[in-house]
1. Run the numbers for residue 225 and residue 338: contour at 0.36 nm per residue of separation, minus the present Cα-Cα distance, in nm.
2. What angle, in degrees between 0 and 90 and rounded to the nearest 10, separates the Cα long axis of helix 175-191 from the longest principal axis of the Cα atoms of the chain?
3. Just grab the label-to-label distance for residue 72 and residue 11, each label 7 Å out from Cα along the Cβ direction, in nm (one decimal).
4. Given points 7 Å out from each Cα along the Cα-Cβ axis, report the residue 4 to residue 270 separation in nanometres with one decimal.
5. Could you list the residues of the stretch 54-93 with an amide nitrogen less than 14 Å from a label point located 7 Å from the Cα of residue 346 in the Cα-to-C-beta direction?
6. On a full-extension model of 0.36 nm per residue, what is the gain between residue 251 and residue 137, subtracting their alpha-carbon distance, rounded to one decimal in nm?
7. If R₀ is 41 angstrom, what is the calculated FRET efficiency for the pair residue 157 and residue 281, using the beta carbon separation as r and rounding to 0.05?
8. Determine, for 8, 21, 348, the number of other Cβ atoms within 10 Å of each Cβ, and report the residues in order from fewest to most.
């Protein structure tokens, strides 16, 4: 396709005012990660600098390109659309060609001395994928009984078992609920051999997302013991299941299933029409089956990485060694928390 440069581009600062969020309303396929609230969380936690473009053809805006500039003495400088986001592709009108987007981002990368830029997700990209994940979307518009009937038999049994197990359910927007989630989060991350995100990250999520009513915590308890919890974000009619955690000792009570079902019911009552279950690594068969069990539609999420120096797209790479997972599983929780706080500012 022939390159047609944009007639004009302007930078919008998503950290100040609502101009960026108002621009999003023209693109019905925008998701939560496109919003200024998420930009504020990333900036406040890691200091990443937003580079958010609005692009024009004549007087008409035809594209929104959200990127964060990640600068690290360990991992270099790059532009990412967007860090710690399952998918956050550029938002483009039908007449916008992919080559124009690449041309603008490559030019920006050269000016800012980036090693590369990365686009996460999107359906109009023709470039080779550097990484591939599964995504799962659930339509929330059917009535509760119809929706429940679309779940797998195993999922329905798990919900029923959880409802008979004496568990209590709370849907909360409090700082205390975020802290309760975080205690489960650090234990779950160690179980999977992954350092936890920092407490500061979740407190910024509380301030910028949960407290203003753009998200909520589902907390499942047995008596006074927290057994499962989940974090959801919502942007208009679209919601996303961002984080989930549970206490392994109570796994048989199926608290995770109850948390998901109650969140689905709550989202329907609050105007959501779809819920995104987030990305899933191809090798994580258990998580994939869990998400498919809710009657979700599976899709492929592709990441695309462009090397600024060579002008080439990176191709898929082999999966990293699992040695580090065994290492992190053996560390005390306090050490894992410290490493997570130190490492994630250099990652994306």
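1. Net length gain for the segment: 38.2 nm.
2. 90
3. Computed distance between label sites residue 72 and residue 11 equals 2.3 nm.
4. If labels sit at residue 4 and residue 270, their model points lie 4.1 nm apart.
5. Residues 71-77 qualify, since their backbone N sits under 14 Å from the label point.
6. 38.6 nm
7. 0.95
8. 8, 21, 348
Where a number appears in this text, it was derived from the coordinates with a stated rule and is not lab data. Just so you know, these numbers come straight off a predicted model, no measurement behind them. Please note: Cβ atoms are built from the backbone with ideal geometry, for glycine as well, and neighbour counts cover all protein chains shown.
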